[in-house]
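The values are calculated or read from the model by the stated rules, or taken from the named source; none is laboratory data. Predicted model only: the values in this text are computed from it and were never measured. Cβ atoms come from the backbone with ideal geometry, glycine included; neighbour counts cover every protein chain shown. When the accessible area is computed, the model is the full protein with side chains, heavy atoms only, and any ligands, DNA or RNA have been set aside. Shrake-Rupley method; radii C 1.70, N 1.55, O 1.52, S 1.80 Å.
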Amino acid sequence: MNRELLSKAFGNIEESFVLEAYRPVSGDARSASERIVPMKKKRIVTLALAAALILALGITAYAAWSIHAARQQELRAELKIDENNVSSYVEYDASDEPAGGLVLLSAVNDGQTQRIYVNISPVSEEEASDPKGSEPFPVYAVSIEGTEFGGNAQKYAYDKDTQTLTLECFLPVDNMKKAAAELGTDAVPIFVQMITGIDTSRSFGPISFTMTGQQLRVFDLGNALYHDPETDKDIEIVGLDLAPFGAVWKVHYEGDAALQARKFEDWQAYKPWCDLEENVCKEAKIVFSDGSEFSIGGSQYSYYEDGAVHLWNSWKLSAINIDDVQRIVIGDMILWEAK
C-alpha cells in the first residue's frame, strides 16, 4: 500500500476515537469496569502504529528524494555546470513519485545528442554490478514508447542503501525529432530498459520528456587557409559551432562533396583527406581568458552540408565556458580572436 492510501486509511479513523484516546481519565472512569482500559489502550496503540507507519513512509520518501537531490548536486559539480555558465542544462523536480521506478534528474543538448540523466529503482547491487566474464551484461537502453527510436544508456553511479542506479542516457536529436513528429507531440514518453541476460530484462517508466534547447556559439573563421605539414595538403577552415559539451568544425577542400558521398565505397581516395580532417580537429586549440587551452579532439563522424564538411565531436568531461573563448588557434595561426 502506498503512502497516499495509508494516509487516507488513517484519516478515516473516527474523530471520537482520537478524542477519547487523549481525554484525561477521571476518578470515576478509573473505578469503572476494567474492560474499558484495554479498549482505550487498543485505540492508543492503533493511533501510535498509524503515526509510526506514516513516519516510516515519510522517512523512506525523504531517503528516496535525498538520493535524487544528491545526484543532481553531484552532476552539477562534476559537469561544472555553474562554473561554466551552462544555461542550457535543465534540472527537473525529483520530489514526485517515480513513474514506473524512473525519475528524471536533468538533461542537456549537445547539438547532436540529447543527454538525459535518470535514476531507476529498485535495482539490486547484483543487478547493478559491472560486467564479469564474457557476457556483456548488464546493458542499458533508452527508448521512445510507441516508436522504433531510441538510444543507449550507461551506468553513472549506484547507491546501495536506496537501491538506486543513476544512468546517463543518449538519444540522438534526429531520433527525438522524428519520434515527436510521428507521435504528434513534443513531449514524448521515454522508458529505460535494463538487460541483465539473453532473455531477462526490466523496464522503468515511461515518463514524459521534451527535448531541451541547445546553447551554441557560432564562430565565422573566414575560410582561413591552413597548410597541413603532415599530409602536405591545404584545407579551408570555414567555421566552428561550439556548445558546452560538443562542437562542429566546418571545413572545405577540393572535391569534398564527392569524397564525403563515397567515403565508405572508396576509402583509399578519401583516407588522405580524412587524415587532414582529423589533424584539424586535434591540432586546433580553444584558448580561454585564464590562458588554459582546450582541444576538441578527433571527430566522431563527418557529413557534408551547406557547402562544407561538418566534423562533429562531443565530450563526457566537464562543460566548457563558450562565453569565455578568447582565441581559436591552429599551430601558430590565429583563426579567431576576441576584440
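When region 197-219 is filtered for residues that are part of a loop (DSSP other than H, G, I, E, B), touching an Asp or Glu at 6+ places or on another chain (Cβ under 8 Å) and either buried (at least 18 other Cβ atoms within 10 Å of the Cβ) or among the basic types (Lys, Arg) (or both), only Met211 remains. Take Ala141 and decide whether it is within 20 Å of Ile67 (Cα to Cα) and either open to solvent by 80 Å² or more (accessible area, probe 1.4 Å) or at pLDDT 95 or above (or both). Considered against the rule, which asks whether it is within 20 Å of Ile67 (Cα to Cα) and either open to solvent by 80 Å² or more (accessible area, probe 1.4 Å) or at pLDDT 95 or above (or both), Ala141 comes out as no.
Among the strands (runs of 3 or more DSSP E) confined to region 220-319, the ones with at least 3 residues that are open to solvent by 20 Å² or more (accessible area, probe 1.4 Å) are located at 233-243, 301-305.
Restricting region 101-129 to residues that are closer than 27 Å to Asn313 by Cβ and assigned to a loop (DSSP other than H, G, I, E, B), the residue that is least open to solvent (accessible area, probe 1.4 Å) is Asp110. A Cβ distance below 7 Å, combined with a sequence gap of six or more or placement on separate chains, defines the contacts here; from region 233-253, residues that are of a type in the set (Asp, Glu) reach residues that are part of a loop (DSSP other than H, G, I, E, B) and open to solvent by less than 10 Å² (accessible area, probe 1.4 Å) in the pairs Glu236/Tyr253. Residues in region 161-175 that are under 23 Å from Arg76 (Cβ atoms) and not polar (S, T, N, Q) were compared, and the one that is most open to solvent (accessible area, probe 1.4 Å) is Asp161. In region 92-116, the residues that are within 21 Å of Ile322 (Cα to Cα) form Cβ pairs under 6 Å with partners that are open to solvent by 30 Å² or more (accessible area, probe 1.4 Å) and part of a loop (DSSP other than H, G, I, E, B), at six or more places apart or across chains, as follows: Gln114/Met211. Inspect region 149-156 for any residue being at positive phi and open to solvent by 60 Å² or more (accessible area, probe 1.4 Å) and give the result as yes or no. For region 149-156, residues at positive phi and open to solvent by 60 Å² or more (accessible area, probe 1.4 Å): absent.
Against the definition (part of a loop (DSSP other than H, G, I, E, B) and at pLDDT 95 or above), how does Asp323 come out, yes or no? For Asp323, the condition - part of a loop (DSSP other than H, G, I, E, B) and at pLDDT 95 or above - is not met. If the condition is being β-branched (Val, Ile, Thr) and either under 23 Å from Asp232 (Cβ atoms) or in contact (Cβ under 8 Å) with a residue 60 or more places away in the chain (or both), then region 274-308 contributes only Val280. One residue is enough: does region 262-274 have a residue meeting the conditions among the aliphatic types (A, V, I, L, M) and either modelled with pLDDT of 95 or more or touching a helix residue (DSSP H, G or I) at 6+ places or on another chain (Cβ under 6 Å) (or both)? No; the residues of region 262-274 include none that is among the aliphatic types (A, V, I, L, M) and either modelled with pLDDT of 95 or more or touching a helix residue (DSSP H, G or I) at 6+ places or on another chain (Cβ under 6 Å) (or both). Of all residues in region 71-94, those that are under 15 Å from Thr164 (Cα atoms) and surrounded by fewer than 16 Cβ atoms within 10 Å (Cβ to Cβ) total 1. The number of residues in region 326-339 that are assigned to a loop (DSSP other than H, G, I, E, B) and either farther than 26 Å from Gly255 by Cα or in contact with a Ser or Thr (Cβ under 9 Å, 6 or more places away or on another chain) (or both) comes to 3.
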